[in-house]
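Written out below as structure tokens is the structure these notes cover.
The values are calculated or read from the model by the stated rules, or taken from the named source; none is laboratory data. These figures come from a predicted structure and were not determined experimentally. Don't worry about glycine lacking a Cβ; one is built from the backbone with ideal geometry, like all the others, and counts go over all protein chains shown. All accessible areas refer to the heavy atoms of the entire protein, side chains included, with ligands and DNA or RNA removed. Shrake-Rupley method; radii C 1.70, N 1.55, O 1.52, S 1.80 Å.
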Amino acid sequence: MLKQESSTGTSPPPRSTEGLWAFFRGELVPLSDARISVTTHAFNYGTAVFEGVRAYWNPEQEQLYGLDLLAHYRRLHRSAPILRLELRHSAEELVDITCEMLRRSQMREDAYIRPILYKSTEAVGVRLHNLDSDLVIFTLPFGKYIDTESGIRAMVSSWRRNDDNSIPARAKITGGYVNGAFAKSEAQMNGYDEAIMLTHEGHVSEGSAENLFIVRDGVLITPAVSDNILEGITRRHILEVAGDLGIGVLERTIGRTELYQADELFLCGTGAQLAPVVEVDNRPIGGGTPGPISRRLHKIYFDAVRGRSETYRGWLTPVY
């Protein structure tokens with residue numbers, strides 16, 4: 001059984017894996033048959049890289065659209081050498097495998113796709129070399145990760161973001177996400193929806209698992225890639241849409257107190273989608289409701305991912 005957590009930290013009833021498929025050890029198998037040993041190196045040491053991919057169901061078109069499948073698998077290829085992992089399938093082959101997996105699963109609702117490239121050797125010992133690699137891809141139905149409509153409350157976490165010279169944030173390393181888990185639980189257990197993390201130098205980095213944008217005087221500002229952020233695919237799309245709309249964009253270091261003075265603030269990512277932040281550390285952002293630029297980008301983004309925008313059709317891969 002698989003669980004999907006809500007932004008409040010409570011879990012809905014688990015969904016059955018019956019009828020779902022996975023790509024495991026080189027072939028498509030029922031998800032219930034995709035199992036690893038407890039002695040697997042990646043399970044013991046977090047030595048894996050992954051992607052989080054969404055697919056959106058459009059009931060009017062009776063079509064499931066995979067969002068940025070090729071971009072995600074290209075990023076997986078870039079993450080692999082950081083952990084000395086071998087990925088034996090091209091990004092294009094992985095797109096085809098994923099679409100076939102979704103078709104076999106008869107997925108006709110919004111879905112989440114999780115590829116994990118991992119150290120598959122069954123061994124104990126801290127290292128990256130002389131270990132085998134393997135790939136698993138699975139899917140499950142998936143709705144909202146955090147509130148994308150009315151806005152969320154965030155706190156600046158006491159936990160600092162991983163540094164590029166400790167666990168590089170630009171690779172989605174499974175073990176590195178313990179860092180975000182510390183921050184997320186701290187925030188939710190203190191009554192907030194989400195955490196905002198700072199670098200060790202005190203600069204704004206990102207959310208627990210999302211990129212961050214602020215708006216000041218009509219300009220969209222986001223932390224630079226040197227501030228230990230994941231080079232997000234959704235982040236890139238937001239920059240693209242902003243350019244198309246003529247909205248000014250800056251990629252630069254952001255100070256903590258700039259969050260409090262922002263006209264608007266939102267988090268974004270494939271899992272989080274686009275989520276306005278209306279309060280940080282008990283200080284309202286702007287008018288305490290999602291701002292006009294956030295709302296405009298929100299509408300364009302959700303029209304695009306559901307196949308309702310010809311302008312951004314290139315983001316999508318139809319499954320059926």
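Some points to look at:
- Scanning the range 13-25 finds no residues that are modelled with pLDDT of 95 or more and polar (S, T, N, Q).
- Condition check for residue 230: within 17 Å of the chain's Cα centre (by Cα), open to solvent by 10 Å² or more (accessible area, probe 1.4 Å) and farther than 17 Å from residue 172 by Cβ: no
- Conditions (1) more than 16 Å from residue 296 (Cβ to Cβ); (2) surrounded by 22 or more Cβ atoms within 10 Å (Cβ to Cβ): number failed by residue 224: (2)
- Within the set 311, 317, 270, the sole residue that is surrounded by fewer than 16 Cβ atoms within 10 Å (Cβ to Cβ) and at negative phi turns out to be 311.
- Subset tally (residues that are open to solvent by 10 Å² or more (accessible area, probe 1.4 Å), more than 17 Å from residue 269 (Cα to Cα) and part of a loop (DSSP other than H, G, I, E, B)) for the range 187-220: 8
- When residues of the range 45-60 are limited to those that are assigned to a loop (DSSP other than H, G, I, E, B) and of a type outside the set (D, E, K, R), the one most open to solvent (accessible area, probe 1.4 Å): 59
- Qualifying residue in the range 122-141 (condition: among the aliphatic types (A, V, I, L, M), in a loop (DSSP other than H, G, I, E, B), open to solvent by 30 Å² or more (accessible area, probe 1.4 Å) and in contact with a His (Cβ under 9 Å, 6 or more places away or on another chain)): yes
- Top-ranked residue of the range 175-186 - restricted to ones that are farther than 12 Å from residue 210 by Cβ and of a type in the set (Gly, Ala, Ser), ranked as least open to solvent (accessible area, probe 1.4 Å): 176
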